């Protein structure tokens, strides 16, 4: 029975326009994402990434972290 339903869906998908098929694929991908996350899907593709923005932190330091100390050392003519 599920196979027959899938065949019906595929047959209907063949009659869709290119934009409608693209939307169908997007909606199906959203369903898969919802099942994996266990939460509601979003109509906006980057919503999950935006929700994570600002939540990561690194303790890595580089030149820009201490730029004034490095600039002062570079400008010191006695070195």
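The values are calculated or read from the model by the stated rules, or taken from the named source; none is laboratory data. On a predicted model such as this, the values are computed, not experimentally measured, just so you know. Note that each Cβ is placed from the backbone with ideal geometry, even for glycine, and that neighbours are counted across all protein chains shown.
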Give me the pairs: first residue in segment 18-31 and farther than 18 Å from residue 47 by Cα, second residue outside any helix (DSSP H, G or I), beta-carbon distance under 7 Å, and six or more apart or on different chains, which are they?
24/16
Which of the helices (runs of 4 or more DSSP H) found entirely inside the chain contain at least 2 residues meeting this: modelled with pLDDT of 80 or more?
2-14, 18-37
